[in-house]
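S.K.: One structure is given below, represented as C-alpha cells, and several questions about it will come after.
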Amino acid sequence: MTIIVTGGAGFIGANFVYHQLKHHDDKIVCVDKLTYAGNLETLDAALKSAQFSFIRADIADRDAVYKIFADVKPDVVVNFAAESHVDRSIEDPELFLRTNIIGTSVLLDACRKFGIKRFHQVSTDEVYGDLPLDRPDLFFTETTNLHTSSPYSASKAAADLLVQAYQRTYQIPATISRCSNNYGPFHFPEKLIPLMIINALNDKPLPVYGTGDNVRDWLYVEDHCAAIDLIIRRGTVGEVYNIGGHNERTNLDVVKTIVHILGKSEELIQFVTDRKGHDRRYAIDPTKISTELGWTPQTSFDDGIRLTVDWYLSNRAWWEKIISGEYQTYYARMYGDR
Ligand code: NAD
Ligand code: DAU
C-alpha cells in the first residue's frame, strides 16, 4: 500500500509517520508545505528509510496536489495538514480557511479524480464546542452537535462537513476521527505543554490564561497514532470515531505538574488575560472506537507527562532552534502586554 500523509512534518503527523514505519511495511509519502509549524529535521530519521519520501507542497495548490496524486498513486490519504493553533486563528482567521477548508476540498477532489481506497480526515474534539465545568457527567459523543467557538474549530468543522458531503455525493471512501488534546515528542513550543516545559526550564513566567480552571482531555500522541492506524485499516467507511482517554485535567493542574517534575517554583506561574471565546471543558467518550475497533489508550497522563518532559530535556537542540527564530516575534506579540 502507498499512504500519503499530509502535514507529516508537524507534531502528530510526524509521530504518525514513525508509527507507520515501525509497525508496517507500506510506502509512506509525506506532503507538507513546511509552514512555521513544519520541520524537516523532525523527519531526519524517517528520511533514512527506503519506505519514506517527502514532497514539499501546499494542499490548497490544486495543480501541485493533482500532480502528486498522478505520480504517487496513493491507496490511502491521511490528512493531518492544517493550521492548528487556536490563538493564531483568533488573530488572523483567513489562512485557516484556506488550508483547513480549501486544502481539504482540493484533496477530496484529487481523490475523486484519481480514485482512492481510503481518505482519512484528522479532525478534533473542538468541533463539538465546549462542555460546562459543573457537569462532569457530560461527554462528547459522535452524535453531539457541531457547535464551534474559534475560527480554527469552525474551519475544522467545515472540513468535516465537506468530507461527509463528498462521501455521500461522490462515494469517496472516507472516515473522520475527532481527537482530544495531544501531547508528546515534537509538539511545537506554542502549545500549552511544551510552552510550559520550555519556559520553566528557562525560568521564564508561565502564562496561564484566565483562572486556569479550563479543562482539557489529554492523550499521549502515540495513542492517537495507534487509533488512526486502526481506523484506516479496520474502520467503517462513512463513520466518525472519537478518540480520547479520560485524562481530564485543569490547565493549572497541568502546569503545576510540570513545575513539580522540573523541581521549579510555582511562583513562576502568572495569570494572564484570558483567550477570547475560551472553551471551558473538552471531554471525549471513546466508547465507539473501543467497542468497534478494540482501541484503548496505553499511556496514563502521569506516565505520558514524564516521558514528554524527558523528551524535551533530551532534545534541547530541536526546540532551542525553533524558539530562537520567528517564534520570538510571535511570543512578544501574543504575550508581550497580556
Ligand atoms: P501542527 O501545527 O504541529 O502541524 C501541522 C503541519 O501541517 C505542519 O507540518 C505544517 O507545515 C503543515 N501544513 C500547514 N499548512 C499546510 C498546507 N497548506 N499544505 C501542506 N501542509 C501544511 O499540527 P498538529 O498539532 O500536528 O495537528 C495535526 C492535525 O491534527 C491537525 O489537522 C489538527 O487539527 C488535528 N488535531 C490536533 C490535535 C492536537 O492536540 N494537536 C488534537 C486533535 C486534532
Ligand atoms: O482539543 C484538540 C485541540 O487541542 C486541537 O484541535 C488543537 O489543534 C490543539 O492546538 C489543541 O487546542 P487547545 O486550544 O486546547 O490547545 P493549547 O495548547 O493552545 O491550549 C490548551 C489550554 O491551555 C487552553 O485552555 C488554553 C490554555 N493555555 C494555552 C497557552 C498556549 C494557557 O493557559 N496558556 C498558554 O500560554
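S.K.: For the stretch 1-39, which positions are out of contact with any strand residue (DSSP E or B) (no Cβ under 9 Å at 6 or more places or on another chain) and either part of a helix (DSSP H, G or I) or at pLDDT below 95 (or both)?
M.R.: Matches in the stretch 1-39: Tyr18, His19, Lys22, His23.
S.K.: I want to confirm something. Restricting to the stretch 204-250 and keeping residues that are part of a helix (DSSP H, G or I), touching a residue at least 12 places away in the same chain (Cβ under 8 Å) and away from ligand 1 (no atom under 14 Å from the Cβ), which single residue is nearest to Pro136 (Cα to Cα)?
M.R.: Top of the filtered list is Ala226.
S.K.: Within the stretch 166-195, how many residues turn out to be of a type outside the set (Lys, Arg) and away from ligand 2 (no atom under 16 Å from the Cβ)?
M.R.: Within the stretch 166-195, residues that are of a type outside the set (Lys, Arg) and away from ligand 2 (no atom under 16 Å from the Cβ) number 9.
S.K.: Read through the list (1) surrounded by fewer than 21 Cβ atoms within 10 Å (Cβ to Cβ); (2) away from ligand 1 (no atom under 15 Å from the Cβ), then give the number of the only condition that Asp44 fails.
M.R.: (2)
S.K.: Filter the stretch 120-151 for residues that are touching a His at 6+ places or on another chain (Cβ under 7 Å) and part of a helix (DSSP H, G or I) and give the result. Don't jump to the end; show me each part of the working.
M.R.: Kept after step one, since they are touching a His at 6+ places or on another chain (Cβ under 7 Å), are these residues of the stretch 120-151: 128-129.
Result: Tyr128, single match.
S.K.: Same structure, new question: Do we have Ser155 as crowded, with 16+ Cβ neighbours inside 10 Å, in a loop (DSSP other than H, G, I, E, B) and hydroxyl-bearing (Ser, Thr, Tyr) here?
M.R.: Spelling it out, it is not the case that Ser155 is crowded, with 16+ Cβ neighbours inside 10 Å, in a loop (DSSP other than H, G, I, E, B) and hydroxyl-bearing (Ser, Thr, Tyr).
S.K.: If you don't mind, another one. Does Val17 qualify as being under 20 Å from Ile231 (Cα atoms), among the β-branched types (Val, Ile, Thr) and without any contact (Cβ under 8 Å) to a residue 40 or more places away in the chain?
M.R.: For Val17, the condition - under 20 Å from Ile231 (Cα atoms), among the β-branched types (Val, Ile, Thr) and without any contact (Cβ under 8 Å) to a residue 40 or more places away in the chain - is met.
S.K.: What number of residues in the stretch 81-102 are part of a loop (DSSP other than H, G, I, E, B), touching a residue at least 24 places away in the same chain (Cβ under 8 Å) and not aliphatic (A, V, I, L, M)?
M.R.: The total comes to 4.
S.K.: Before we move on, is Ala60 in contact (Cβ under 8 Å) with a residue 60 or more places away in the chain, in a loop (DSSP other than H, G, I, E, B) and surrounded by 14 or more Cβ atoms within 10 Å (Cβ to Cβ)?
M.R.: no
S.K.: Further, regarding this structure: When you look at Val122, is it within 15 Å of ligand 1 (Cβ to nearest atom) and either under 17 Å from the mean Cα position of the chain (by Cα) or crowded, with 20+ Cβ neighbours inside 10 Å (or both), yes or no?
M.R.: yes
The values are calculated or read from the model by the stated rules, or taken from the named source; none is laboratory data. Note that the structure is a prediction, hence the values are computed from the model and not measured. All Cβ positions, glycine included, derive from the backbone under ideal geometry; neighbour counts span all protein chains shown.
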